[in-house]
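See below for the structure under consideration.
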Amino acid sequence: MDREWADPRLDLAAVAAHAGYSRYHFLRAFTSVYGETPGQYLSRRRTERAEEMLRTTVLSVTEICLLVGFSSPGTFTSRFKRQTGLTPSEYRTRNQRQGAALIPNCYALFWAGGFPPRRPDDDTDARRETGAPEAPEAPEAPEPPGSPSPSQG
């Protein structure tokens, strides 16, 4: 979980399977060792990463939300506030380094590995909802002069 903390698909079933346990056994074992559930642990780790980004970058709260693995800004804000006592915007206002140059978005996104990849069906659903046309397929590149054609073998 510490290595893949930003993956929004990371869930109890995936972590338990990777560890070779059933979900229920993993949940009991993890909670007895760490004193919190895997979900609480993951949420805390993501919030810690978000705190650092809020202090040092100019990324928007929504961008940070997605980069640290939350899929909803509402969930991110409520969990962030539960852990820190402040909303992400309040936290940034109080803790942003004064006088220091903030990390530009392009560097912060590069460091974080960019936004999580979108599922192929996400683009299709968005086009259907907005009525946007499907992207045309790219035409095949012409063969260079002098190269044999497929029919010439």
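Derivation of every value follows stated rules applied to the coordinates shown; laboratory data play no part. None of these values were measured; they are calculated from a predicted model. As a convention, Cβ positions derive from the backbone with ideal geometry for all residues, glycine included, and neighbour counts pool all protein chains shown.
Laid out as a table, the results:
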quantity	calculated
Net charge contributed by nearby residues that have their C-beta within less than 14 Å of residue 76 (K/R +1, D/E -1)	+4
Separation of the residue 62 and residue 40 label points, Cα + 7 Å toward Cβ, nm	3.2
Burial ranking of peptide ranges 14-24, 49-59, 81-91 (average Cβ count within 10 Å, highest at the top)	49-59, 81-91, 14-24
Kirkwood Rh and Cα Rg combined as Rg over Rh, evaluated for segment 1-68	1.06
